[in-house]
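The values are calculated or read from the model by the stated rules, or taken from the named source; none is laboratory data. Model, not experiment: these values are computed from the prediction. We place every Cβ from the backbone using ideal geometry, glycine too, and count neighbours over all the protein chains shown.
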Amino acid sequence: MVSKVLTAPITLVGGFNGSRNPSQIPPTALIKANNISYESGTIQREGGADKFNSTALNGSPRVIAGFDYHPTSAQQSSVVFTSDGRVHLDNAMDGAYNDGGSAGGFLVSGLTATGISPMYIEAGQETVNATKKLFMFSELNDVYVLNGATATTMTAITTPPADWSGTAQPVFGVLHEDRVWAGGNSNDPHRIYYSTATDHENFTGGSAGQIAIHSGEGERLVWGVSFKGFLFLAKKPYGLYVVDTRDPDP
């Protein structure tokens with residue numbers, strides 16, 4: 001008995017096609033694809049990730065949020081918030097989260113790790129020789145700030161609005177027009193608050209303030225972005241709003 005082997009090329013040049021109508025999917029397309037890259041006209045597996053080192057964080061908590069922080073042009077730091085309510089710092093970016101901190105390698109502990117995941121923004125340097133700062137906003141904790149490149153602890157801001165109390169904290173922040181803006185706190189979820197221009201931690205000073213954003217529409221403010229003199233704000237589950245701040249006088 002004689003067998004004959006034929007080689008049939010399979011041409012895949014159309015990429016992934018998720019059409020619900022099979023008749024509209026060309027034979028050159030993929031209907032299933034996972035970790036596939038078409039870079040440089042090839043089909044190859046997407047690259048993975050490498051460990052910094054083989055040592056897990058103390059207690060092996062789950063990482064909830066993180067930020068790549070550059071306090072100076074010469075220093076890069078990694079900051080992570082974990083499920084045990086701690087914020088860890090790695091100044092050397094070598095995966096060893098024990099390079100500083102006053103309590104065994106973490107910046108702050110005892111935080112509530114449930115609720116909306118924390119978000120970070122870079123701010124500070126409001127005046128000559130002022131340091132850069134990293135702000136952390138998390139729904140159920142005070143607003144914390146890491147001050148400069150050499151700080152080994154994160155501290156809660158000392159002059160928040162009166163509305164930010166207990167577990168009613170802002171869920172997001174954004175640097176816009178030389179001020180830090182934040183909102184989404186559960187006791188007044190439709191209000192955006194802004195700091196003074198000379199101190200991004202001061203939300204009660206003379207030039208600080210707040211604006212109600214169409215109270216009663218949607219559930220709460222959840223996001224903001226600065227763009228060409230305007231502050232764009234989004235609400236959950238829907239709603240996009242624009243605050244015109246081009247006049248420097250609030």
* Asked: If you go through region 86-102 one residue at a time, do you hit one that is in contact with a Pro (Cβ under 9 Å, 6 or more places away or on another chain), at pLDDT 95 or above and more than 19 Å from ASN185 (Cβ to Cβ)?
  -> no
* To do: Please verify whether region 123-130 includes one or more residues that are of a type in the set (D, E, K, R) and closer than 20 Å to TRP223 by Cα.
  => no
* Flag if VAL180 is in contact with a His (Cβ under 6 Å, 6 or more places away or on another chain) and either assigned to a strand (DSSP E or B) or more than 26 Å from HIS88 (Cβ to Cβ) (or both) -> yes
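Based on this model, can you work out whether GLU177 counts as touching a residue at least 60 places away in the same chain (Cβ under 8 Å) and either of a type outside the set (Lys, Arg) or buried (at least 21 other Cβ atoms within 10 Å of the Cβ) (or both)?
For GLU177, the condition - touching a residue at least 60 places away in the same chain (Cβ under 8 Å) and either of a type outside the set (Lys, Arg) or buried (at least 21 other Cβ atoms within 10 Å of the Cβ) (or both) - is met.
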* **Selection within region 123-147 - loosely packed, with under 15 Cβ neighbours inside 10 Å and either touching a Leu at 6+ places or on another chain (Cβ under 8 Å) or not hydroxyl-bearing (Ser, Thr, Tyr) (or both)** => GLN125, VAL128, ASN129, ALA130
* Asked: Mind checking whether some residue in region 207-215 is over 20 Å from GLY124 (Cβ atoms), surrounded by fewer than 20 Cβ atoms within 10 Å (Cβ to Cβ), touching an Asp or Glu at 6+ places or on another chain (Cβ under 9 Å) and at pLDDT 95 or above?
  -> yes
